[in-house]
Amino acid sequence: LYGNFGQGFKQKQKARGAKFGLSIGGWTLSDKFSSIASTETGRRTFAKSSVKLMLDLGLDFLDIDWEYPVQGGNDSPPVPHRPDDIQNYVLLLSAIRDEFKTLPWKAELSVASPAGPDNYRHW
């Protein structure tokens, strides 16, 4: 591994117990989540590819940063929304958890959640 992931891997070797993960989404990259999470096929495909990427990079956890389900988020690119986004988000996280069950070790899953009332009212 090279770059940031390579340096993280080296640190992980030195400091046993340290965990490194991958955050997917964020302010400018949340525009695909609503579509992905809206179907069983989309959720399963995302879960499988995310876990594969985590394994390929030697990481310990995934963090999903969807800003934001149902309403809000970046305008450029605009974040599309569906009324059932939050239910689909839970199903997406469950699909990732199901993929984690195939691993020989316990991987971790986290989410970046909103702090302001305009963004957390749908949670």
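Every read-out reported here was derived from the displayed coordinates using simple, explicitly stated rules and does not represent laboratory data. The shown structure was predicted, so the numbers you read here are calculated from the model rather than taken from an experiment. Every residue, glycine among them, receives a Cβ derived from its backbone with ideal geometry; neighbour counts consider all protein chains shown.
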Notebook entry, point to check: Out of all the residues in the stretch 68-82, is one or more aromatic (Phe, Trp, Tyr) and either touching a residue at least 60 places away in the same chain (Cβ under 8 Å) or in contact with a Phe, Trp or Tyr (Cβ under 6 Å, 6 or more places away or on another chain) (or both)?
Noted result: no
Next item on the list: Please work out which residue is farthest from Tyr68 (Cα to Cα), limiting yourself to the stretch 13-33 and to residues that are out of contact with any strand residue (DSSP E or B) (no Cβ under 7 Å at 6 or more places or on another chain) and among the hydrophobic types (A, V, I, L, M, F, W, C).
Entry: Ala15
Checklist line | Conditions (1) under 15 Å from Leu29 (Cα atoms); (2) surrounded by 13 or more Cβ atoms within 10 Å (Cβ to Cβ); number of the one not met by Arg44 | finding: (1)
Margin query: For the condition touching a residue at least 40 places away in the same chain (Cβ under 8 Å) and over 26 Å from Trp105 (Cβ atoms), what is the one hit in Phe5, Phe33?
Written below: Phe33
Notebook entry, point to check: Of all residues in the stretch 95-123, which are surrounded by 12 or more Cβ atoms within 10 Å (Cβ to Cβ), part of a helix (DSSP H, G or I) and either among the small types (Gly, Ala, Ser) or out of contact with any strand residue (DSSP E or B) (no Cβ under 6 Å at 6 or more places or on another chain) (or both)?
Noted result: Ala95, Arg97, Asp98, Glu99, Phe100, Asn119, Tyr120
Notebook entry, point to check: If you check Leu91, Leu53, which single one turns out to be touching a strand residue (DSSP E or B) at 6+ places or on another chain (Cβ under 9 Å), of a type outside the set (Ser, Thr, Tyr), more than 16 Å from Leu29 (Cα to Cα) and part of a helix (DSSP H, G or I)?
Noted result: Leu53
